[in-house]
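Since the structure comes first, as structure tokens, the remarks are kept for the end.
All of the numbers you see were taken from the coordinates with simple rules; none came from a lab. These numbers come from a predicted model, not from an experiment. A quick note on method: Cβ atoms are made from the backbone with ideal geometry, for glycine too, and the neighbour counts reach across all protein chains shown.
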Amino acid sequence: MTRTRADAGARPAFAHDFPFDPAYGCTLDDLLGIPAPAGPEDFEAFWRERHARALAVRPEPEAGRVVEQRDGVRIHDVTYSTIGGVRLGGWLVLPEDGEAEHGFVIGHGYGGRDVPGRAVPLPLPRSAAILPCVRGMGTRSLLPGVPSIADEHVLHGIGSRESYVIGECVADLWCAATALLELVPGLSPNLGYLGESFGGGLGALALPWDDRLAAGRLTVPTFGNHPLRLTLDCVGSGAAVRRHHEEHPEVTDVLRYFDAATAAGRIDKPVLTAPALFDPAVPPPGQFAVYNGLPTGAGRELHVLEAGHFEWDGEERSVAELDRATGEFFGRVLGRRG
């Protein structure tokens, strides 16, 4: 399912000051033809082992005070443990009245979050959610030795697949799912996942291996098709990786294990992908590679955005349209699996 105001053969045109084209000369037709890398032979073994380690963690979650009450929910502070004996923070969202019928794990963009923000209201009524801040991100999960600035965080431990912080951040999401299921007894283990940008890329890496995550929405997902992404100019964390790669080309072998498009090919559950045609921070070819990598028989859906990581006149309308599509999507797929 494709939703967009752009013609398949048209190129998006926004006035901008970037020294490169954030549409990368691509039409929608071009973007829908970009493949996902196959990945290393032990890609699945690597991730399944990491997932098993995360499931062995006892998160011992603790819900704290109510910090906000709106949109039919109460929002609490929450803390939980993750791999490496690390304690992280975030928020727990519970229905104001009655029991939760649906659950969500909600990732965040690069830079973290200091408030729940637009994650609430949740996609479905009568839902609970955990909004974790992954290690090093936001004021809730600052850690000694882990950079909190996106351009530095994305390079932390990049010298090897075992030490790269992105793998640990994915584990933080799995442990957050465990924490949510412990905090809300009786909640269906069929959880929804939502992630945007950084959180979208992490979600693609997390979804294939965890049966508790029954469906996901990935918005302008990063980490897609690293071999291509490393050749494309951009701003933000992607530019930091590109610069690092120029001096350390050997990181290509590490990045193969953290390719969101490669992981997408292993996702056997419904996923709504919302990539953008124009994006200066996460090149659209990488975003669409994530969607293109999804198996066609697993219930993949596409909602094309005109722009991402960019302020434009139609942004408010675009956000509202995506919110409506998200509610419809999870209403179908979680209702079916619940």
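Annotations
- Computed FRET value (nearest 0.05) for Thr231 with Asp253, which takes r as the C-beta separation and R₀ as 25 Å: 0.90
- Once the Cβ-Cβ distance of Ala320 and Asp42 is raised to the sixth power relative to R0 = 41 Å, the FRET efficiency obtained is 0.45.
- Pair Glu162, Arg243: separation of 7 Å Cα→Cβ label points (nm): 3.0
- In this structure, Arg332 and Arg65 have a Cβ-Cβ separation that, at R0 = 45 Å, corresponds to a calculated FRET efficiency of about 0.80.
- Charge dipole magnitude, Cβ of K and R +1, D and E -1 - the chain, Cα centre, debye nearest 20: 760
- Taking every alpha-carbon pair under 8 Å whose residues sit at least 6 apart, the chain reaches a relative contact order of 20 percent.
- Between region 112-143 and region 283-310, the alpha-carbon centres lie 23 Å apart.
- Evaluating 6.51 cos²θ - 1.76 cosθ + 1.60 at θ = phi - 60° for every residue in region 176-187, the Karplus couplings come out as 5, 4, 4, 4, 4, 5, 7, 6, 10, x, x, 5 Hz, glycine and proline recorded as x.
- Taking amide H atoms as placed 1.01 Å from N in the peptide plane, the amide H of Leu213 lies under 5 Å from those of Leu191, each 5 or more residues away in sequence or on another chain.
- The string of couplings for region 227-235 from the Karplus curve (6.51, -1.76, 1.60, θ = phi - 60°) is x, 6, 4, 5, 9, 10, 5, 6, 10 Hz, one whole number per residue in order, with x for Gly and Pro.
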